[in-house]
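Student: Please see the structure below; I have some questions.
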Amino acid sequence: MNFDLSDEQRALASAARDFFSKAASPADSRAALEDGSPLAPGLKAVADTGFHAILQEGGTVLDLSVVATEAGRVLSAPSIAGFGRVSVLDPTADLTAGVSVVDAGPALDAATATVFYALRDGQLVRGAGTVTSGPPLDPTRGLADVTLTEVTPIDGADRWEHALRVGQVLLAAEDLGTAERAVEIGVQYAKDRKAFGRAIGSYQAVKHSLVNAFVGVEQLRSLAWWAAWAADENPAELPLAAAAVKGLAATVLEQATETLIQVHGGIGFTWEHDAHLYWRRAKVDRFLLGDDVEAYDTVARLSLV
Amino acid sequence: MNFDDTPEEAAYREQVRTYIADHRDQLISVGDGARREGDLTRARESQRVMYEGGYVGITWPKDVGGQGGSPMQQAIVDQELGKAGVPGHVGLIGIGMCGPTVISHGSDDQKQRYLKRLLSCEDIWCQLFSEPASGSDLAALRTRAVREGDSWRINGQKVWTTLAQYADYGILLTRTDPTLAKHKGLTMFVVDMKAPGVTVRPLRQMSGSAEFNEVFFDDVIVHDSERLGEVNDGWRVGLTTLMSERLTLGGGGGEMGISGGTAASFIASQIGSLSEDRQALVRQDFGRVWTQLLATRYTGYRLLSAISKGAMPGPEASAGKLAGTKAGRQLADLAVRVSGDGGVWFEGPWQASQAGLPGLAIAGGTDEVLRNVIGERVLGLPPEPRADKGLSFEESVKL
């Protein structure tokens, strides 16, 4: 048994961390929220790295998920999940054009997309559309309602379900990175902040809350690896694995970001602090590519047989 | 990444599987009561058969009767026994905890006298650590050993002692110098459980069954040659035992927590009789619990992969225990919940599970202690200040 990342995947993660940690940060999320500044790193900068096209270049979903986790740590946009889903749907797609897949409800990365995909009457279509956005809860997801204008049928409807699941796996991998980072920030603050003469992280009430969030992150990491592996190597397990990781990502990211706020006390729920920027991810991502209630229902339907 | 055995592991697994199949009728089964009946003949026989095949004490050194094998081989044997429906050996506490302590700290004479008999189940061992007044704070234990010439006189009480009712020997942690700090004045002994003054009483749990015992020591005499390690160095000796426990309980089978398959089948068989609204609620609860159990399983595989590469499980292994016991409790509760009107009677397997599972969040380190361990050793958070710091044991008990 070797349920672990390979040396190559660890090197890939390290390279991705180098790039994303310089190219995006919660400050970019804040700027987008406050005055509609462009998202970071943005399509062009990500495309220059080649990370977006890992699947098209013969890499695995697990490879791409390792990158997604690093992107999630800094609230990067556009989503890695979107690149992955489109790569499965339309293997020769030009990902640098700005792509978005339209389901019911607002679509991920749609606000800046020029090429849209949708399933219409059992047929995969590709084409242009117009977008309208509401006031963003999390601006980094580029959400918009899409009205398709000119579309053309293309092959690939049979890949729709698989592409959706790959998207769920990658979105969960991004959430893993966001949750991991939220716990790190909370732990650091609990070491630094003093109350009643000692670090607040020495109090069990604070410590245990952070540990619960940490345990959640490690549980999520286990499912994120398994689900990505299943997408690559064992498609029969993917429906269960994708639903489980989709549901757990929502639960764990919410717990991690709400813990981050709570551990910070008063500063934690100010506009000025970054905690809410991570929290916004949690509150939006749970609804993307199907919601957590649906995902847990799927886990039960597939397992109660 | 893969979930396959290496060629060496696959070959070993095949060898183990064949041996178990060839001897299956001599091995006991989960649920057949062989470990709980007063007559342990079949349970002892079961372990002896595995010992004769070379599958007990796998990670022990060869010169004390072990196989000199790897933790991964141990995990493979545990998995194959599990698949064949064979429960843990009746000598588990000895194999996993007492034996390794004797190997590390015993005299040559003790090793000669005890270890092979322990592996072959001629002797059953127990571990005498916890006390009524010292559970999580183990080093606060009060059982006294007072030197009398070549011997020690022991008085006190232990509790939560698994298998004490059957045990021939135990490793016993005592206080030998109360004027030192609580960790400094402890000494470990091997004690003959049949010696005069040793009384074992079953301890009945909230589930109604008695899986543990209380053990009383009234003027029990132990010869100094039965001491394990130096006088007043018992805490360090005990750490060997507890680290072995982590490997035994945390890293062994790779299927940490409750596998839950039976509960899922039961819930699946019941759900159709509920209203549609209720079915949706049960599915929502079940989906959340099952997802946690899946995650616990794959967290266990990460641990097993680390063992396979030769690493020892660290404190992060506790993460799986925390998540797994919580989900296990929720699953048992859900099984009771879908039982319908029968849910108010204490009958059927899920009531017993429901009443037994709270203990899992306490035994082998409470959830709170595990969270402290993870918080302090993995996340690096500072410990809670200790009111007894710098005090001798005598002074600390007056706090």
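The values are calculated or read from the model by the stated rules, or taken from the named source; none is laboratory data. Note that the structure is a prediction, hence the values are computed from the model and not measured. Using ideal geometry, Cβ is built from the backbone for each residue, glycine included, and neighbour counts are taken over all protein chains shown.
Student: Can you pull out the residues in the stretch A:222-238 that are within 8 Å of chain B (Cβ to nearest Cβ) and either in contact with a helix residue (DSSP H, G or I) (Cβ under 7 Å, 6 or more places away or on another chain) or touching a residue at least 40 places away in the same chain (Cβ under 8 Å) (or both)?
Tutor: Restricting attention to the stretch A:222-238, the residues satisfying the condition of being within 8 Å of chain B (Cβ to nearest Cβ) are A:222-223, A:225-226, A:229, A:233.
If the condition is that a residue be within 8 Å of chain B (Cβ to nearest Cβ) and either in contact with a helix residue (DSSP H, G or I) (Cβ under 7 Å, 6 or more places away or on another chain) or touching a residue at least 40 places away in the same chain (Cβ under 8 Å) (or both), then A:SER222, A:LEU223, A:TRP225, A:TRP226, A:TRP229 are the ones that fit.
Student: Hey, can you tell me all the residues within the stretch A:188-209 that are more than 9 Å from chain B (Cβ to nearest Cβ) and of a type in the set (Lys, Arg)?
Tutor: Within the stretch A:188-209, A:ARG193, A:LYS194 meet the criteria.
Student: Might you check whether a residue that is crowded, with 24+ Cβ neighbours inside 10 Å and at negative phi occurs anywhere in the stretch A:157-166? Quick ask: steps written out before the conclusion?
Tutor: From the stretch A:157-166, those crowded, with 24+ Cβ neighbours inside 10 Å are A:165-166; that's our starting set.
Subsequent filtering for residues that are at negative phi retains A:165-166.
Checked against the condition, which is being crowded, with 24+ Cβ neighbours inside 10 Å and at negative phi, the stretch A:157-166 yields at least one hit.
Student: Scan the stretch B:290-322 for residues that are over 27 Å from B:GLN73 (Cβ atoms) and either touching an Asp or Glu at 6+ places or on another chain (Cβ under 9 Å) or in the same structural domain as B:SER70 (by TED's automatic domain parsing) (or both) and report the count.
Tutor: The initial filter retains those residues of the stretch B:290-322 that are over 27 Å from B:GLN73 (Cβ atoms), namely B:290-292, B:322.
Remaining after also requiring either touching an Asp or Glu at 6+ places or on another chain (Cβ under 9 Å) or in the same structural domain as B:SER70 (by TED's automatic domain parsing) (or both): B:322.
The total comes to 1.
Student: Which residue is farthest from B:GLN67 (Cα to Cα), if the candidates are limited to the stretch B:6-47 and must be touching a residue at least 12 places away in the same chain (Cβ under 8 Å) and within 14 Å of another protein chain (Cβ to nearest Cβ)?
Tutor: Once the filter is applied, the top-ranked residue is B:THR6.
Student: Pairs, please: C-beta under 7 Å, at least 6 apart or cross-chain, first residue without any contact (Cβ under 8 Å) to a residue 12 or more places away in the chain and in the stretch A:283-305, second of a type in the set (A, V, I, L, M)?
Tutor: Sorted first by the residue in the stretch A:283-305, then by its partner, the pairs are A:LEU304/B:ALA264; A:LEU304/B:ILE267; A:LEU304/B:ALA268; A:LEU304/B:ILE271; A:VAL305/B:ALA268.
Student: Name the one entry in A:VAL211, A:VAL215, A:VAL263 that is touching a residue at least 40 places away in the same chain (Cβ under 8 Å), among the hydrophobic types (A, V, I, L, M, F, W, C) and farther than 27 Å from A:ASP109 by Cβ.
Tutor: Result: A:VAL263 is the single residue among A:VAL211, A:VAL215, A:VAL263 that is touching a residue at least 40 places away in the same chain (Cβ under 8 Å), among the hydrophobic types (A, V, I, L, M, F, W, C) and farther than 27 Å from A:ASP109 by Cβ.
Student: While we're looking at this one, here's another question. Considering only residues that are surrounded by fewer than 20 Cβ atoms within 10 Å (Cβ to Cβ), more than 13 Å from chain B (Cβ to nearest Cβ) and among the charged types (D, E, K, R), which ones fall in the stretch A:275-305?
Tutor: The one that is surrounded by fewer than 20 Cβ atoms within 10 Å (Cβ to Cβ), more than 13 Å from chain B (Cβ to nearest Cβ) and among the charged types (D, E, K, R): A:LYS283.
Student: A:SER65 passes all but one of (1) more than 14 Å from chain B (Cβ to nearest Cβ); (2) crowded, with 23+ Cβ neighbours inside 10 Å; (3) in a helix (DSSP H, G or I); which number fails?
Tutor: Of the numbered conditions (1) more than 14 Å from chain B (Cβ to nearest Cβ); (2) crowded, with 23+ Cβ neighbours inside 10 Å; (3) in a helix (DSSP H, G or I), the odd one out for A:SER65 is (1).
Student: When only residues in the stretch A:120-153 that are among the aliphatic types (A, V, I, L, M) and surrounded by fewer than 16 Cβ atoms within 10 Å (Cβ to Cβ) count, which is nearest to the chain's Cα centre (by Cα)?
Tutor: Start the filter on the stretch A:120-153 by keeping residues that are among the aliphatic types (A, V, I, L, M), which leaves A:124-125, A:128, A:131, A:137, A:143-144, A:146, A:148, A:151.
Filter once more, so that each one left must be surrounded by fewer than 16 Cβ atoms within 10 Å (Cβ to Cβ): A:128, A:137.
On the way: A:ALA128: 25, A:LEU137: 15 Å.
Of everything passing the filter in the stretch A:120-153, A:LEU137 is nearest to the chain's Cα centre (by Cα).
Student: Let me ask something else about it. Yes or no: A:ALA32 in contact with a helix residue (DSSP H, G or I) (Cβ under 7 Å, 6 or more places away or on another chain), modelled with pLDDT of 95 or more and either farther than 30 Å from B:TYR12 by Cβ or within 14 Å of chain B (Cβ to nearest Cβ) (or both)? Break it down into steps so the answer makes sense when it comes.
Tutor: Working: in contact with a helix residue (DSSP H, G or I) (Cβ under 7 Å, 6 or more places away or on another chain): yes; modelled with pLDDT of 95 or more: yes; either farther than 30 Å from B:TYR12 by Cβ or within 14 Å of chain B (Cβ to nearest Cβ) (or both): yes.
Yes: the conditions hold for A:ALA32.
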